Amino acid sequence: MTEIKELSSKHILGIKDLNANDLKLIFETAKNFKEVINRPIKKVPSLRDVTIANLFFENSTRTRISFELAEKRLSADVVNFSAGSSSVKKGETLLDTVNNILSMKVDMVVMRHPAPGACAFLAKNIDANIVNAGDGTHEHPTQALLDAYSMMEIIPDLAGKNILIVGDIKHSRVALSNIFCLKKLGANVKVCGPPTLIPKFITSLGVSVEYDIRKALEWADIANVLRIQLERQDIKFIPSLREYAQYFGINKQLLDSLNKDITIMHPGPINRGVEISSDVADSDQSIILQQVENGVAVRMAVLYLLAAKRA
Ligand code: CP
C-alpha cells in the first residue's frame with residue numbers, strides 16, 4: 001500500500017478528525033524534530049516563508065510558549081496576540097479580529113479560545129490554516145499528540161496497553177482529545193474520578209469507568225492525571241478540594257502500595273497537593289517535564305506538515 005506523506009486536512013481542529021496515517025506522520029516527523037531541537041543549532045529554515053499568528057483568548061503558559069518556540073525553531077515569522085490587551089475589549093468580534101490580522105498576510109492561525117467550536121468556526125470562514133490550541137471543553141489536539149508521543153517513548157506500541165485518565169473528565173478538553181487519540185492507537189482507556197465529574201456519554205467512546213482510584217491504578221500501565229477545572233464550573237461538582245485529594249489525589253504512599261510501577265503524567269498546570277502530590281510530580285515515575293519538552297517537537301511537526309500541505 002502506498003504511504004501517504006500528507007495530512008488529510010489543512011487544519012488541526014481536533015483529534016477526532018485525524019486518521020491513523022495523520023497520527024503516524026505527525027509522530028514520525030516529531031521524532032525527527034526532537035533530534036533537531038537537541039542539536040547545538042536548534043533552528044531549521046523550513047517555515048521561513050510562513051507567518052503565524054498565535055491568538056490566545058484564554059490564559060496559557062505551556063501551549064503558548066511551546067507553539068512560539070516551535071514556530072521560531074522552524075524560522076517562521078511570529079506574531080502574538082492576547083485578547084486581554086486587544087481591541088476585543090472594545091467589542092470587536094472574533095471574525096473581525098482574525099480577518100484584520102489575516103489582511104496583514106498571515107498564513108496560519110494558532111488559537112486558544114474559551115468557546116467550544118471557535119476554531120471550527122474560523123476554519124469555515126477564513127482561508128488560513130487553523131491549529132486548535134484548546135477550545136473550551138471541546139478539544140486540545142496538540143496536547144493529546146504530545147501526550148501520546150511521550151507515552152510511546154516509554155511503550156512504543158500502545159495497542160492493548162492500559163491508559164488511565166484521572167480527574168475532571170467532564171470539563172477537560174485534554175481528556176477528550178486523549179481519549180480520541182489513544183483509542184485510534186488501539187489502547188484500552190479507563191477514566192476515574194468523582195461521578196459528578198464523569199459525563200454519562202463517556203462510555204459511548206469505548207472508555208470504561210472506575211470510581212475507586214486504587215483499583216484504577218492497579219489496572220493502569222500509565223496514568224494521566226488532570227487538573228480540576230474550577231474556572232469552567234459554575235456550580236460545585238465536588239464538596240471540596242481537600243475531599244477530592246483524599247479520594248482521588250495521587251500521592252507516593254498510594255503508588256508505593258500498588259503491586260506495580262506505573263508512569264505518571266499531567267498536562268499542567270499542576271495543583272500540588274490536590275490532584276497530585278509533590279513527591280509524585282517530582283519523582284522518577286513522573287514524565288511531566290518530558291511532556292512539555294516533547295510539546296515543542298510535536299508542534300513543530302504539526303506546523304511543518306500543515307505548511308507542506310499548503311505548499
Ligand atoms: N497543558 C496546557 O494546555 O497548559 P497551558 O494552559 O499552560 O497552556
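Checking each residue in the stretch 43-68 for being within 13 Å of the ligand (Cβ to nearest atom) and either touching a His at 6+ places or on another chain (Cβ under 8 Å) or touching a residue at least 24 places away in the same chain (Cβ under 8 Å) (or both) picks out Asn54, Phe56, Phe57, Glu58, Ser60, Thr61, Arg62, Thr63, Arg64, Ser66, Phe67. If you go through the stretch 14-52 and keep only what is of a type in the set (A, V, I, L, M), in a loop (DSSP other than H, G, I, E, B) and surrounded by 21 or more Cβ atoms within 10 Å (Cβ to Cβ), you end up with Leu18, Leu47, Val50. For the stretch 71-78, the criterion of being farther than 19 Å from Cys119 by Cβ and within 13 Å of the ligand (Cβ to nearest atom) is met by no residue.
Filtering the stretch 53-66 to residues that are in a loop (DSSP other than H, G, I, E, B) and of a type in the set (Phe, Trp, Tyr) leaves only Phe57.
Look at Val109 and say whether it is buried (at least 17 other Cβ atoms within 10 Å of the Cβ) and either within 15 Å of the ligand (Cβ to nearest atom) or β-branched (Val, Ile, Thr) (or both). Criteria met by Val109. Per the listing Gly136, Gly167, the residue uniquely within 14 Å of the ligand (Cβ to nearest atom) and either at pLDDT below 95 or closer than 28 Å to Leu102 by Cβ (or both) is Gly136. Among the criteria (1) without any contact (Cβ under 8 Å) to a residue 24 or more places away in the chain; (2) more than 19 Å from Asn132 (Cα to Cα), the one Lys31 does not fulfil is (1). Being surrounded by 22 or more Cβ atoms within 10 Å (Cβ to Cβ) and in contact (Cβ under 8 Å) with a residue 60 or more places away in the chain is a property that Ile165 has.
Restricting Asp127, Asp168, Asp147, Asp157 to those that are in a helix (DSSP H, G or I) and of a type in the set (D, E, K, R) reduces the list to Asp147. Please indicate, with yes or no, whether at least one residue in the stretch 69-81 is assigned to a loop (DSSP other than H, G, I, E, B) and without any contact (Cβ under 8 Å) to a residue 12 or more places away in the chain. There is no residue in the stretch 69-81 that is assigned to a loop (DSSP other than H, G, I, E, B) and without any contact (Cβ under 8 Å) to a residue 12 or more places away in the chain.
The values are calculated or read from the model by the stated rules, or taken from the named source; none is laboratory data. As the structure is a prediction and not an experimental result, all values here were calculated from the model. Neighbour counts run over all protein chains shown; Cβ positions are idealised from the backbone, glycine included.
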